[in-house]
Each structure stands twice: as structure tokens, then as C-alpha cells.
Amino acid sequence: MKLSISTLLLSSLFLLQDGSAFVSAPSRSIIISTRQTSFLLAEAASPPPPANEKQPAAAQPKAIILDPYLPAADPKYKVTGTVGEGDFIVSRSGGPTDEELTDENLYRIIERKASDLEVNTLVWKCLGYRFDQEWKPEEVFPKWKERFPEPPDFIGMQRIYSKEIDGPSLRNNQSLVRSIPAENKASYLKKNMLPFGFTGYKVSELTPNLTRRAQCINWLLFYREELYGYTIEELKERRRLKQEQQEKERLERIEKGEEEEWKPPVKEVF
């Protein structure tokens, strides 16, 4: 199956349109952690070899295929599954907190110190779902609430990648990615995770689970920087002012005889 590639985060970090792959810059040398719980990549510090010395091909990191997780097939798993008892800071109660949205905490998603359910739970809270014996769309962004009255699975918690079981999770994740405006899609993941040594993934190690976790982190960083702490009314006013400025700039380009800039469609959550 051939998949077209579109730039998502940076020129050095790409995403396949079906949400299945992140690619790190090919020009970088990397060192891969062999621990099953870590996918940390770092730039190699060794000096370059002599120009005339033939080097053996570097071994490519291998994808770690996770076993199916059958408890997630239970419809009640999202309300009964264990949350917040490990290293990852998250709670079902209330809205998102500063502590839950720190770079250090989000990096634990890359390290696999957060379960699939915990990643979903944090995204749900940021979207406005609130937990009271069950998940309710009390504060969900209006446009998102219309499509998803119940919190969707963005990861594929069952880890069974058949079209029937995993298809909805794939589409849910794609909807989350599309909700980020084009001007905000670059740099969040790379910029904020680089201090921890994260520079991206090699194609050979990618899995749907790994890729979707990265996409959730990128959305959570976008949410923290652009939406967190604002009311719906404030966000709408900010959007109105931005659209007015963009229209002004568009008209100025037309007057100068410049071509209009094409922008991909965006389905914002609010």
C-alpha cells in the first residue's frame, strides 16, 4: 500500500496521511535506547570517520510490537481502568492542571510511562470532558461535541489493528490532528521534547501506537500554548481578530499582484 507523505511538524519530522508514521531527519546520526520502555533518540557524539574509510551500514532500530490489550475491549474500561497510579501524572477528576501539562510529564508518554488509557484521559480532559461516575461532555468545545458526544479513543487501546476494530481510533486521531491550524502545526513536539534528547523516530521502529502517542503530545502542547486558560468566548474573539488580520494581509498581497497562499482546511475544536 502506497501512502503519500505530508509535512506535519518540521522538515525533519513527517507524518503519513493515515496517521501511521513519524520520521526523523535522515541527516542526523542517532543512538537508540534498547530498553523496551524507552524510545529516546539522541545525536551521536562520536567524531566523523575518515572520508575514504568505508563504514558498515548502521543497524536500524526495530519496532516493538505490543500485544493486544483485551481489557480495553470492555466498554467500561475508560471509567474503570487504572489511571494516575504510576509515574505519569493524571487524574480523572476536574479539568487539566498545570502539573499534568508540563513538558516533563508529557515526555513520559514518549517513554511509555503512561498507559494508552492515561494518554486518552488527559486529552479528554483538555477537550472538556468531565468525569462524574462516567464521562460527560459538560465543557467540550462545541464543534467537537457535535461529532463526539462521548470521549473517543485516540490511541487504539485494544492494539488490534484490523479495520473493524482500529478504524475508528485511526479516524479519531486524524480528527484531532486536523483540529490544529496550519500556522500552529510546526515545532511543538520537536521544540519541547528536544531538551530531553528527543529528535524523532526512525521509520523502522514506528507502530500505530507510537505514532498516535506523538500526535497526542503535539496536540496537548498546542492546547497548552494556544487554548489552555481561555474561555470559549475569548477564543472566538482571538480567532475573529486573527481572521481580520489575515484578510487584511490577503488584500495587501492582491494589491501587490502576489499569488494567494493556499492553506489546508482546518476543523478547529471550538
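Annotations for the structure displayed:
- For the stretch 136-178, the set of residues classified as of a type outside the set (Lys, Arg), under 20 Å from Ser93 (Cβ atoms) and either touching a strand residue (DSSP E or B) at 6+ places or on another chain (Cβ under 6 Å) or open to solvent by 20 Å² or more (accessible area, probe 1.4 Å) (or both) consists of Pro137, Glu138, Glu139, Glu150, Pro151, listed by residue number.
- Any chance Ile155 is in contact with a helix residue (DSSP H, G or I) (Cβ under 6 Å, 6 or more places away or on another chain), of a type in the set (Val, Ile, Thr) and within 20 Å of Gly81 (Cβ to Cβ): yes
- Against the conditions (1) crowded, with 19+ Cβ neighbours inside 10 Å; (2) free of Cβ contacts under 8 Å to residues at least 40 places away in the same chain; (3) aliphatic (A, V, I, L, M); (4) part of a helix (DSSP H, G or I), Val90 satisfies every one except (4).
- Failed criterion for Asp74 (all others in (1) surrounded by 19 or more Cβ atoms within 10 Å (Cβ to Cβ); (2) without any contact (Cβ under 8 Å) to a residue 40 or more places away in the chain hold): (1)
- Output for the stretch 206-263, where each listed residue is open to solvent by 50 Å² or more (accessible area, probe 1.4 Å), of a type in the set (Asp, Glu) and in a helix (DSSP H, G or I): Glu225, Glu233, Glu234, Glu237, Glu244, Glu247, Glu249, Glu252, Glu255
- The stretch 74-87, subset part of a loop (DSSP other than H, G, I, E, B) and within 18 Å of Tyr129 (Cβ to Cβ), residue modelled with the lowest pLDDT: Pro75
- Test: residue in the stretch 183-196 that is more than 30 Å from Ala59 (Cα to Cα) and in a helix (DSSP H, G or I): yes
- Just one of the numbered conditions (1) within 16 Å of Tyr228 (Cα to Cα); (2) open to solvent by 50 Å² or more (accessible area, probe 1.4 Å); (3) outside any loop (DSSP other than H, G, I, E, B) is not true of Cys126: (2).
- Residue in the stretch 153-163 that is within 20 Å of the chain's Cα centre (by Cα), over 29 Å from Tyr201 (Cα atoms) and aromatic (Phe, Trp, Tyr) present: no
The values are calculated or read from the model by the stated rules, or taken from the named source; none is laboratory data. Since the structure is predicted, the reported quantities are computational estimates derived from the model, not experimental observations. Every residue, glycine as well, gets a Cβ built from its backbone with ideal geometry; the counts of neighbours run over all protein chains shown. Heavy atoms of the whole protein, side chains included, go into the accessibility calculation; ligands, DNA and RNA do not. Shrake-Rupley method; radii C 1.70, N 1.55, O 1.52, S 1.80 Å.
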